[in-house]
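Asker: Attaching a single structure in C-alpha cells format; questions to follow.
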Amino acid sequence: MNYHWNWAIFWELSPDGIHSYFQTLLLGTGWTLATAACAWIIALTLGSLVGALRTMPFAAAVRFGNVYVELFRDVPLLVQMFLWYFVVPEIVPHAFGTWLKQLPNASFYTAVVALGLYMSARVAEQVRAGILSLPRGQRQAALALGLTLPQTYVYVLMPMTYRIIMPPLTSELLNTIKNSAVALTIGLMELTARARAMQEFSFQVFEAFTAATIIYIVINIVVTFAMRVVERRVAVPGYLGFKAPAAGH
Amino acid sequence: MFANYDFDVIWRSLPYLFYQGMTFTLLLTALATFGGIVIGTLLALMRLSSTAVLTLPAAAYVNLMRSVPFVLMIFWFYFLVPYIGQWITRSAQPLQVGAFASCLVTFTLFEAAFFCEIMRAGIQSIPRGQMAAAQALGMTYPTTMGYIVLPQAFRNMVPVLLTQTIILFQDTSLVYVISVTDFLGAASKVAERDGRLVEMYTFAAVVYFVISLAASRTVAHLQRRIAIIR
C-alpha cells in the first residue's frame, strides 16, 4: 500500500481556524448525541402512544396505528429526511415555509423530527408486541376493579410493558444513534460528516474514519452497559430475563 | 395547493428513473442479498463452531458492523476497496473500481453481518437431536450441515431473511452519499437539474413506499403459507 499514514493529523488545525481536527470530531460527537437524544424522546413518546393505540378495542384506533407504522416504516430514512427538509417547507403556507427555511440549525431540527418519527414506528411495534405479550387477565382485572381504559394503560399495562421490552428498546436506542448519521445528507455536521470533512481537507482518509469508528464503538459500549444495568434493575421477577440478586449471608 | 407544481417532470423522467435508477437499485438489492446470505451463513457457522480461532474473528466482525452507522461503512469501503483490489491483484496503483462493484462489495459485506445473526438464530432453532441423529448415521459435518441443518434453518428463516431484504432495499438509497445514481440518486439529479425537488422527492417516497409495502405484505402472506405445522 502506498498510502501515507499520518496519525499526528488529529492535532493539526482544521480549516475553521479555531479547532484541531480532533476537536471537530468531538463537536460532531456532540451533535450526534444531541440529535439522537432529542429524536429518542420523540420516538419513545409517539411510539408508546401509537403502540398502545394498536392494542385498544377500537377498530379506528387500530387502523390509524397500523397506517402510521406502515407509513414511516416503508419509506427509507434518507427519503424521509429529504421530505422534511426540501418538501415540507414548500407545501406549507408560504410565510411558515420561509420561517422554517430561515431557522438557525434547520438541519438539526429537521433531523430530530425525521429521525424521531421514523424510529417511533419501530418503537410502536415493540410496544404493541410487549402489550400483547401480557396475560389477558391483567387488563381484565384492572377493568374489573373499576379503572377506566386510560387508567388501565397508564397504571397497569404500560409499566409492565416497558419492563418487558427493555432489551429491544436498547437496540432501538442504538439504532437511533447510528441512524443519526443519515442526517449528514441534509447538512448536519454530526460525527460521520466531520470525519468526511476531515478526509476532504486533510486527505487522511483512514485516520479520519478510524477515529469516527472508534468513537461510535465507544458510544455503543457505554450505552449497552448502561442499559444492561437498567435492564437488570427493572427485570420482572418470574420472567426468563430475570436474574435473582446474589444471595447474601 | 398544487397549482405551482409541475407533475409532468415525473412523466418526462420516468425512463431515466426506472431504466437507470431502479435497475441499479434492484440489481444491487438482489446481488447483495445473495452474497450477504452466502457470507452470512459462513459467518454463522464460524460463530457456532467450537474453536475460538473461528468464533472470535466472526463475532468481532459482526459486532463491528452492527455498532457503526451504515453511512460511515459506505465511506470506509468506498476508499478502501481500491486498496484491497490493489493488494489482491498486486498492481502498482490502487485499483480503479466502478461505482456498482464498489457498492456491491460494501452492501454484501455489511449485510452479511445481519444475515449472519438471522442464520445463527435459524441454525440454533433446529433441535439438537437432528444433529446427533445425523452423526449417528455416520454423516460428516459438511453432509450434516448441507443436507439436514441448513435446509431447515433456511426454511424457518425465509420470512426474516426477506424482511431483511426489504430493509436492504431501503438502505440502497444511502449510496446517495457517494453520488451513485440509484433510484433516489436519479430522482435527485432530475430534481436539482429542473429545480423540481418537491415533485421528485415526493414521487420517490411514493415509489419506495409502494414497493416496500407490497413486499412486506407478500412476506406476511408467505409466512402464513410456509409455516411448518408442529
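Asker: A:V236 versus (1) touching a helix residue (DSSP H, G or I) at 6+ places or on another chain (Cβ under 7 Å); (2) part of a helix (DSSP H, G or I); (3) at pLDDT below 90: which is the lone unmet condition?
Answerer: Condition not satisfied by A:V236: (2).
Residues checked against (1) small (G, A, S); (2) in contact (Cβ under 8 Å) with a residue 12 or more places away in the chain; (3) away from every other protein chain (no Cβ under 13 Å):
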site: B:Y19; (1), (2), (3): no, no, yes
site: B:I39; (1), (2), (3): no, yes, yes
site: B:V53; (1), (2), (3): no, no, yes
site: B:L56; (1), (2), (3): no, no, yes
site: B:S91; (1), (2), (3): yes, no, no
site: B:A101; (1), (2), (3): yes, yes, yes
site: B:E117; (1), (2), (3): no, yes, no
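Asker: Having 1 or more residues that are touching a residue at least 24 places away in the same chain (Cβ under 8 Å) and within 14 Å of chain B (Cβ to nearest Cβ) is the bar; report the helices (runs of 4 or more DSSP H) wholly within the range A:127-203 that clear it.
Answerer: Output list reads A:166-179, A:191-202.
Asker: Could you tell me which numbered condition B:Q96 fails, if it satisfies all but one of (1) within 11 Å of chain A (Cβ to nearest Cβ); (2) in a loop (DSSP other than H, G, I, E, B)?
Answerer: Evaluating B:Q96 over (1) within 11 Å of chain A (Cβ to nearest Cβ); (2) in a loop (DSSP other than H, G, I, E, B) leaves (1) as the failure.
Asker: If you don't mind, there's one more thing I want to ask. Tell me which of these A:W40 doesn't satisfy, since it passes every other one: (1) under 23 Å from A:L157 (Cα atoms); (2) of a type in the set (A, V, I, L, M, F, W, C); (3) without any contact (Cβ under 8 Å) to a residue 60 or more places away in the chain.
Answerer: (3)
Asker: Right, next: Checking the structure you have, find out if any residue of the range B:70-87 is closer than 25 Å to B:L184 by Cβ, hydroxyl-bearing (S, T, Y), modelled with pLDDT of 95 or more and within 17 Å of the chain's Cα centre (by Cα).
Answerer: No: zero hits.
Asker: A:N66 versus (1) in a helix (DSSP H, G or I); (2) over 24 Å from A:V182 (Cβ atoms); (3) more than 21 Å from the chain's Cα centre (by Cα): which is the lone unmet condition?
Answerer: Here A:N66 clears every test but (3).
Asker: Here are some conditions: (1) within 18 Å of B:Q164 (Cβ to Cβ); (2) in contact (Cβ under 8 Å) with a residue 40 or more places away in the chain. B:S125 meets all but one. Which one does it not meet?
Answerer: (2)
Asker: I've got another one for you. Among (1) crowded, with 21+ Cβ neighbours inside 10 Å; (2) closer than 30 Å to B:V180 by Cα, there is one condition A:V123 misses while meeting the rest; what is its number?
Answerer: Here A:V123 clears every test but (2).
Asker: How many of the residues in the range A:75-107 are assigned to a helix (DSSP H, G or I) and over 16 Å from the mean Cα position of the chain (by Cα)?
Answerer: So the count comes out to 22.
Asker: Only one of (1) over 14 Å from the mean Cα position of the chain (by Cα); (2) crowded, with 19+ Cβ neighbours inside 10 Å; (3) within 12 Å of chain B (Cβ to nearest Cβ) is not met by A:G51, so which one is it?
Answerer: In the conditions (1) over 14 Å from the mean Cα position of the chain (by Cα); (2) crowded, with 19+ Cβ neighbours inside 10 Å; (3) within 12 Å of chain B (Cβ to nearest Cβ), A:G51 misses (3) alone.
Asker: Something else now. Within the range A:222-229, identify whether any single residue is within 18 Å of B:M65 (Cβ to Cβ), assigned to a helix (DSSP H, G or I), aliphatic (A, V, I, L, M) and within 9 Å of another protein chain (Cβ to nearest Cβ), and answer yes or no.
Answerer: Within the range A:222-229, none of the residues are within 18 Å of B:M65 (Cβ to Cβ), assigned to a helix (DSSP H, G or I), aliphatic (A, V, I, L, M) and within 9 Å of another protein chain (Cβ to nearest Cβ).
Asker: Does B:S13 count as hydroxyl-bearing (S, T, Y), more than 14 Å from chain A (Cβ to nearest Cβ) and surrounded by 15 or more Cβ atoms within 10 Å (Cβ to Cβ)?
Answerer: Yes.
Asker: Could you grab me the full set of residues in the range B:98-117 that are surrounded by 20 or more Cβ atoms within 10 Å (Cβ to Cβ) and β-branched (V, I, T)?
Answerer: B:T106, B:T108, listed by residue number.
Asker: Can you pull out the residues in the range A:63-84 that are facing another protein chain (nearest Cβ under 9 Å) and buried (at least 17 other Cβ atoms within 10 Å of the Cβ)?
Answerer: Scanning the range A:63-84 gives A:R73, A:D74, A:V75, A:P76, A:L77, A:L78, A:V79, A:Q80, A:F82, A:L83.
Asker: On to the next question. Given the criteria at negative phi and in contact with a Ser or Thr (Cβ under 9 Å, 6 or more places away or on another chain), does A:L173 qualify?
Answerer: Values: at negative phi: yes; in contact with a Ser or Thr (Cβ under 9 Å, 6 or more places away or on another chain): no.
The answer is no for A:L173.
Asker: Now a separate question. Just to be sure before I move on: is B:G138 free of Cβ contacts under 8 Å to residues at least 24 places away in the same chain, over 24 Å from the mean Cα position of the chain (by Cα) and at positive phi in the structure I sent?
Answerer: yes
Asker: If we scan the range A:99-111, do we find a residue that is aliphatic (A, V, I, L, M) and within 20 Å of A:L46 (Cβ to Cβ)?
Answerer: Yes: the range A:99-111 contains one or more residues that are aliphatic (A, V, I, L, M) and within 20 Å of A:L46 (Cβ to Cβ).
For every residue, the table says whether it meets (1) buried (at least 23 other Cβ atoms within 10 Å of the Cβ); (2) more than 9 Å from chain A (Cβ to nearest Cβ); (3) among the aliphatic types (A, V, I, L, M).
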| residue | (1), (2), (3) |
| --- | --- |
| B:V160 | no, yes, yes |
| B:L168 | no, yes, yes |
| B:T172 | yes, no, no |
| B:S179 | no, yes, no |
| B:E192 | no, yes, no |
| B:A214 | no, yes, yes |
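Asker: May I pose another question? Among the residues of the range B:61-89, count how many are among the β-branched types (V, I, T), buried (at least 16 other Cβ atoms within 10 Å of the Cβ) and either closer than 22 Å to A:F203 by Cβ or within 8 Å of chain A (Cβ to nearest Cβ) (or both).
Answerer: Counting residues in the range B:61-89 that are among the β-branched types (V, I, T), buried (at least 16 other Cβ atoms within 10 Å of the Cβ) and either closer than 22 Å to A:F203 by Cβ or within 8 Å of chain A (Cβ to nearest Cβ) (or both) gives 4.
Asker: Of the residues A:T35, A:T110, A:T29, A:T45, which single one is exposed (fewer than 14 other Cβ atoms within 10 Å of the Cβ) and in a helix (DSSP H, G or I)?
Answerer: A:T45
Asker: Something else: Between a residue in the range A:87-113 that is within 14 Å of chain B (Cβ to nearest Cβ) and any residue that is surrounded by 12 or more Cβ atoms within 10 Å (Cβ to Cβ) and of a type in the set (D, E), which pairs come within a Cβ distance under 7 Å, given they are 6 or more apart or on different chains?
Answerer: From residues that are within 14 Å of chain B (Cβ to nearest Cβ), the pairs are A:G97/A:E90.
The values are calculated or read from the model by the stated rules, or taken from the named source; none is laboratory data. What you see is a predicted model, and the numbers here were worked out from it, not measured in a lab. When we count neighbours, we look across all protein chains shown, and the Cβ atoms used for this are built from the backbone with ideal geometry, even at glycine.
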